[in-house]
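The values are calculated or read from the model by the stated rules, or taken from the named source; none is laboratory data. Predicted model, so just to flag it, every value in this text is computed and none were measured. Backbone-built Cβ (ideal geometry, glycine too); neighbour counts: all protein chains shown. Only protein heavy atoms, including side chains, enter the accessible area calculation; ligands, DNA and RNA are left aside. Shrake-Rupley method; radii C 1.70, N 1.55, O 1.52, S 1.80 Å.
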Amino acid sequence: MLPARYRALLLPLAAACACALAYWAFWESQFNGFILNLGSINMPTHRWLVMAALLAFLGLPMAAFVAVAGARWVTDEQLASWRTAWREYPDRRSVMLAAVLGALIPLAVQASVLRYSPVVDDEASYQFAAELLASFRLWVPAPPMKLFFDNGFMVINDGKMYSQYFLGWPFLMAFGVKLGMPWLVNPVLSGATAVGLFLLARRWWGSGWGRVAVALYLVSPLTMIGAATLMSHTSAIFALTWMLYWVERLQDSQRPHAASAWVALFFCLAFWIRPAVGLGLGAPFLVLWCVRAWRLSGVERWKQALLFVLVALPLGGLFLLTNHELNGSPWLTGYHAAARYAEENGYRFVSFGPSQVQRDSFLYFFTDTSWVLATGRMVLALFRLSVDGFGWPLGFLFVFLARGAPARWLVAGLVSFCVIHLPVADPGVDTFGPVHYSELMLPTVLLSTGGLRTLWQWASERALGAVVPAALVGLVCVCVTMFLPPRIITLRKLVADVLRPRYIVERDVPENSVVFVPPGFAPPCRSAPANHFVFFRKNNHPDRDDPILWLNHVSVERDRQFLQSVYPQRSGFLMSVGRDCVPRIVPLESASPSMFPPTVKERPGDFPEEAP
């Protein structure tokens with residue numbers, strides 16, 4: 001017969017398992033398995049809302065049952081022993097583990113879930129910019145008959161072709177491009193972010209809580225899946241984490257050294273990556289830097305100010321010069337140039353229309369000036385983040401328990417970020433979370449760490465210390481058994497749909513060829529009712545010397561004209577995907593207009609005068 005100590009675990013663990021089984025049974029009975037109907041940039045889809053409701057209805061009881069089991073099983077002596085071991089674990093090993101796990105988890109997601117596929121069109125544009133920077137260029141000359149090369153998030157303007165995005169993240173990715181591994185950079189930055197979080201939390205609350213901060217970062221599906229993509233959010237979190245670390249290092253009054261130079265460098269990097277994020281989160285951190293610097297002695301104070309200016313001034317000037325070189329004005333960004341070019345090009349081969357932008361406005365995307373609507377979108381974004389951030393219900397619960405000066409500055413950053421993002425038109429694609437708010441995971445992780453510390457102190461005073469780590473384990477179990485199955489399975493199916501046409505081209509099209517494809521060439525088949533956000537063909541290398549070039553299909557006649565005029569030495573093919581979801585490759589000479597109707601309306605100046 002089991003000892004009484006173990007018998008006491010049976011009922012709460014059985015109840016926790018029953019919650020998981022009930023959750024799985026619901027998905028199987030109502031939706032024939034774990035599949036979300038993703039595909040929204042604003043309001044969550046109904047299956048996502050069902051998932052969020054079930055996480056509260058079944059997930060919270062499951063976490064409570066696990067917490068009860070843990071409290072019954074762990075004795076005071078064991079808890080004290082584990083706490084001592086946790087606190088005394090060597091910091092050097094902690095740093096190494098944080099770096100390794102912070103990189104390995106995204107690499108595992110890349111290999112097993114995403115299979116190195118893009119999940120949004122933005123990734124191709126970022127990689128194009130990185131390839132340009134890796135060859136020490138900002139742009140390449142516009143190609144002939146540029147309608148064939150138009151693509152989402154690309155600008156073909158004033159004889160130049162370049163990405164619409166800011167160049168901070170492409171600059172970092174360029175190092176991976178040089179190595180032939182652009183997919184490696186984000187996982188490496190994720191590992192560096194985990195190290196920075198440990199060092200920050202250690203300074204504030206001690207090594208044990210530094211390890212808790214790393215654990216929270218590593219169990220966040222939003223940060224780990226985001227680090228497995230080529231999106232820019234991971235690099236922005238990295239830059240802001242290390243900026244805040246060096247702001248804190250300024251307190252080392254005996255050895256501040258060049259701390260302010262590092263603060264300036266990482267702030268400028270964050271601004272170069274995502275200016276709204278750099279200002280939103282970075283501005284309160286800059287105020288904190290000013291406070292820290294002002295408290296130094298007179299000579300050291302001005303030394304730190306000079307170091308900051310010597311780094312920030314040239315990087316700020318370079319930002320403006322880059323805008324001028326690419327977009328014709330220091331004050332115009334690639335986003336403005338893209339909106340201008342889309343209007344001039346009749347909004348062909350883009351994913352937005354004239355009602356979604358104001359070309360002549362600096363806040364070009366703020367087409368509806370209702371502050372009620374903007375506030376409502378913010379609430380929606382935070383609601384989505386509260387679920388997708390950690391994958392458990394009430395994701396901001398521990399945030400509200402944080403206390404102390406670090407918590408106040410982190411809350412200031414969170415509030416500043418939200419204010420700066422009020423004009424943003426949407427929270428972002430729902431493929432793995434509200435991506436436009438991904439950077440809020442930095443203050444959320446640190447505030448949650450501080451909140452857990454407050455909760456631990458309160459519980460320990462009442463001899464309930466075992467409940468806190470047990471509850472956290474219960475919440476992680478909710479994420480693993482309830483949040484991740486529908487999210488990961490849906491992602492795998494979406495990726496299969498994105499990759500299917502690419503695999504067919506690699507298999508059936510010989511090298512030295514051109515493949516003309518219409519927009520939406522990768523429809524959701526296996527993933528239905530979910531939808532992905534890869535609407536356009538893959539980008540070619542800036543030098544357009546790929547073994548197989550991917551181009552827009554305009555019309556069969558124009559496709560033939562282009563091939564004969566520009567690439568007569570290459571073979572031409574057209575690709576279509578029928579209702580059976582099977583990609584078909586047809587030689588260009590065998591194609592007919594009835595098989596491949598025109599995709600866009602031609603305009604004067606699109607093609608040379610001689611008609612095909």
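For the reader, a short list of remarks on this structure follows.
- For the stretch 83-96, the set of residues classified as in contact (Cβ under 8 Å) with a residue 12 or more places away in the chain and over 28 Å from the mean Cα position of the chain (by Cα) consists of ARG83, TRP86, ARG87, TYR89, ASP91, listed by residue number.
- Matching residues, the stretch 588-600, being among the polar types (S, T, N, Q) and loosely packed, with under 12 Cβ neighbours inside 10 Å: SER590, SER592, SER594
- Hey, LEU281 in contact (Cβ under 8 Å) with a residue 60 or more places away in the chain, surrounded by 15 or more Cβ atoms within 10 Å (Cβ to Cβ), closer than 22 Å to TRP409 by Cβ and touching a Gly at 6+ places or on another chain (Cβ under 6 Å) or not: yes
- Any hit, the stretch 269-284, residues being hydrophobic (A, V, I, L, M, F, W, C) and over 19 Å from the mean Cα position of the chain (by Cα): yes
Every residue, every condition in (1) in a helix (DSSP H, G or I); (2) over 29 Å from VAL247 (Cβ atoms); (3) at pLDDT 95 or above, yes or no:
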residue: TRP409; (1), (2), (3): yes, no, yes
residue: VAL419; (1), (2), (3): yes, no, no
residue: PRO423; (1), (2), (3): no, no, no
residue: THR444; (1), (2), (3): yes, no, yes
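- Complete set of residues in the stretch 524-546 that are touching an Asp or Glu at 6+ places or on another chain (Cβ under 7 Å) and over 30 Å from LYS160 (Cα atoms): PRO524, CYS525, ARG526, SER527
- Selection over the stretch 553-587 of residues that are part of a helix (DSSP H, G or I) and crowded, with 16+ Cβ neighbours inside 10 Å gives a count of 8.
Each row is one residue, and each column tells you yes or no for (1) in a helix (DSSP H, G or I); (2) open to solvent by 50 Å² or more (accessible area, probe 1.4 Å).
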| position | (1), (2) |
| --- | --- |
| PRO12 | yes, no |
| CYS17 | yes, yes |
| TRP24 | yes, yes |
| TRP27 | yes, no |
| ILE41 | no, yes |
| LEU54 | yes, no |
| PHE57 | yes, yes |
| LEU60 | yes, yes |
| VAL66 | yes, no |
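- Screening the stretch 535-549 for residues that are open to solvent by 10 Å² or more (accessible area, probe 1.4 Å) and of a type in the set (A, V, I, L, M, F, W, C) and picking the one that is farthest from PRO587 (Cα to Cα) gives PHE535.
- Test: residue in the stretch 506-528 that is within 27 Å of ARG211 (Cα to Cα) and either over 27 Å from the mean Cα position of the chain (by Cα) or assigned to a helix (DSSP H, G or I) (or both): no
- Looking at VAL50, VAL113, VAL68, VAL100, just one residue is touching a Lys or Arg at 6+ places or on another chain (Cβ under 7 Å) and β-branched (Val, Ile, Thr), and that residue is VAL113.
- Residue identified as β-branched (Val, Ile, Thr), farther than 30 Å from TRP409 by Cα, open to solvent by 30 Å² or more (accessible area, probe 1.4 Å) and at pLDDT 95 or above among VAL219, VAL177, VAL188, VAL113: VAL177
- Any hit, the stretch 537-547, residues being part of a helix (DSSP H, G or I), within 27 Å of GLY428 (Cα to Cα) and not aromatic (Phe, Trp, Tyr): no
- Flag for LEU401 being surrounded by 13 or more Cβ atoms within 10 Å (Cβ to Cβ) and either touching a Ser or Thr at 6+ places or on another chain (Cβ under 8 Å) or modelled with pLDDT under 90 (or both): yes
- Selection from the stretch 461-484 of residues that are within 9 Å of GLY70 (Cβ to Cβ) and either of a type in the set (S, T, N, Q) or open to solvent by 50 Å² or more (accessible area, probe 1.4 Å) (or both): VAL467, PRO469, VAL473
- Checking the stated criteria, ARG203 turns out to be in contact (Cβ under 8 Å) with a residue 12 or more places away in the chain, assigned to a helix (DSSP H, G or I) and surrounded by fewer than 23 Cβ atoms within 10 Å (Cβ to Cβ).
- Taking the stretch 485-534 as the range and being open to solvent by 50 Å² or more (accessible area, probe 1.4 Å), touching a residue at least 40 places away in the same chain (Cβ under 8 Å) and of a type in the set (A, V, I, L, M, F, W, C) as the test, only ILE489 passes.
- Among (1) touching a helix residue (DSSP H, G or I) at 6+ places or on another chain (Cβ under 9 Å); (2) modelled with pLDDT under 90, the one test that SER351 misses: (1)
- Residue within the stretch 274-290 that is outside any helix (DSSP H, G or I), out of contact with any Leu (no Cβ under 9 Å at 6 or more places or on another chain) and modelled with pLDDT of 90 or more present: yes
- Hits in the stretch 131-151 (condition: open to solvent by less than 20 Å² (accessible area, probe 1.4 Å), of a type in the set (Gly, Ala, Ser) and touching a strand residue (DSSP E or B) at 6+ places or on another chain (Cβ under 9 Å)): none
- Unmet criterion (only one of (1) free of Cβ contacts under 8 Å to residues at least 60 places away in the same chain; (2) on the phi > 0 side of the Ramachandran plot) for ALA14: (2)
- Selection status of SER297, open to solvent by 10 Å² or more (accessible area, probe 1.4 Å), small (Gly, Ala, Ser), more than 24 Å from the chain's Cα centre (by Cα) and more than 22 Å from ALA174 (Cα to Cα): yes
- GLY433 vs. criteria of a type in the set (Gly, Ala, Ser) and not in a helix (DSSP H, G or I): yes
- Test for ARG603: is it modelled with pLDDT under 90, open to solvent by 70 Å² or more (accessible area, probe 1.4 Å) and within 27 Å of ASN37 (Cα to Cα): no
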